[in-house]
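Student: Here it is, the structure in full.
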Amino acid sequence: MAACFMAAGAHAPPTQPLSSMVADYRLISSTTAPDGNWRFTKARLAVSRLDDRHLLIRMACEWEDSPKEACGDWWTAQMRNDGLYLQDTNTESLAMRFDPATRTWTLIRHGYDVAGTVRTDVFGVDEQPDTDPALMRRMKKAQSSFDASIKVKSFGHYSKWDYKRAQISSSAK
């Protein structure tokens, strides 16, 4: 399903350096189609550089229907000659787009439910520090999860992972 999004989106490699993506982002909108409650009421992304070719993208969130339930994730991305790619592990249902003109991230996730629900989350740069205790705690948990990743034991260092299937598109709206 993520491939469908990628086929419809621009495939041009990012024209901005990785450093232009590094920032904290706040949730602008979270929508689902068909309409439902599989969306966030609040969320943040934190994008940081791991090295000259890799980014770490951490997310802390709050579910609309279960605000106290754990909600967060992390991904790595690798810059290659033909663009920026998301890690291949556990990203089959996820597509990402970064718009360098507006510095917004769009995450599109396809659900595994019968209705084939698709959630679209849009994040914009946030210059203000996060003060929400739940989101701060969940962001720390996402960082700890990356730091202590079982993937390292199974797949090696993030620089050795596969980054082939999910290109992060870069397009101006």
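Student: In this structure, does Arg119 turn out to be touching a Lys or Arg at 6+ places or on another chain (Cβ under 9 Å), closer than 17 Å to Phe40 by Cβ and among the basic types (Lys, Arg)?
Tutor: Taking the combined requirement at face value, the residue satisfies it.
Student: Moving to a separate point now. Which of the residues that make up the range 89-103 are of a type outside the set (D, E, K, R), within 18 Å of Ser30 (Cα to Cα) and under 11 Å from the mean Cα position of the chain (by Cα)?
Tutor: Leu94, Ala95, Met96, Phe98 - these are the residues of the range 89-103 that are of a type outside the set (D, E, K, R), within 18 Å of Ser30 (Cα to Cα) and under 11 Å from the mean Cα position of the chain (by Cα).
Student: Let me ask something additional. Among the numbered conditions (1) over 23 Å from Leu135 (Cβ atoms); (2) touching a residue at least 40 places away in the same chain (Cβ under 8 Å); (3) surrounded by fewer than 21 Cβ atoms within 10 Å (Cβ to Cβ), tell me where Trp38 comes up short.
Tutor: Looking at each condition in turn, Trp38 falls short on (1).
Student: Of these, Val47, Val125, Val118, Val152, which one is touching a Leu at 6+ places or on another chain (Cβ under 9 Å) and either modelled with pLDDT of 95 or more or more than 19 Å from Ser170 (Cβ to Cβ) (or both)? Show your work before the answer.
Tutor: Details: Val125 fails: touching a Leu at 6+ places or on another chain (Cβ under 9 Å); Val118 fails: touching a Leu at 6+ places or on another chain (Cβ under 9 Å); Val152 fails: touching a Leu at 6+ places or on another chain (Cβ under 9 Å).
None of the others qualify; the one that does is Val47.
Student: One residue is enough: does the range 158-167 have a residue meeting the conditions modelled with pLDDT under 95, part of a strand (DSSP E or B), of a type in the set (S, T, N, Q) and within 13 Å of the chain's Cα centre (by Cα)? Before you say what the answer is, go through the steps one by one.
Tutor: Taking the range 158-167 first, the residues modelled with pLDDT under 95 are 158-167.
Add one more test, that the residue is part of a strand (DSSP E or B), and what stays is 166-167.
Then drop every residue that is not of a type in the set (S, T, N, Q), which leaves 167.
Okay, now just the ones that are also within 13 Å of the chain's Cα centre (by Cα), so 167.
Checking the range 158-167: at least one residue is modelled with pLDDT under 95, part of a strand (DSSP E or B), of a type in the set (S, T, N, Q) and within 13 Å of the chain's Cα centre (by Cα).
Student: Sticking with this one: Can you tell me which residue within the range 58-96, out of those that are within 14 Å of Asp121 (Cα to Cα) and without any contact (Cβ under 8 Å) to a residue 40 or more places away in the chain, is surrounded by the fewest Cβ atoms within 10 Å (Cβ to Cβ)?
Tutor: Here the residue is Glu64.
Student: I'd like to verify a number: residues in the range 35-45 that are over 18 Å from Ala95 (Cα atoms) and not in a strand (DSSP E or B), how many? Outline the logic, then answer.
Tutor: Kept after step one, since they are over 18 Å from Ala95 (Cα atoms), are these residues of the range 35-45: 35-37, 41-42.
Next, from what is left, pick out any that are not in a strand (DSSP E or B): 35-37.
The qualifying residues number 3.
Student: Which residues, counting only those in the range 114-148, are over 17 Å from the mean Cα position of the chain (by Cα) and small (Gly, Ala, Ser)?
Tutor: Ala115, Gly116, Ala134, Ala148
The values are calculated or read from the model by the stated rules, or taken from the named source; none is laboratory data. Quick caveat: nothing in here was measured; it's all calculated off a predicted structure. In this analysis, Cβ positions are derived from the backbone assuming ideal geometry, glycine residues included, and neighbour counts consider all displayed protein chains.
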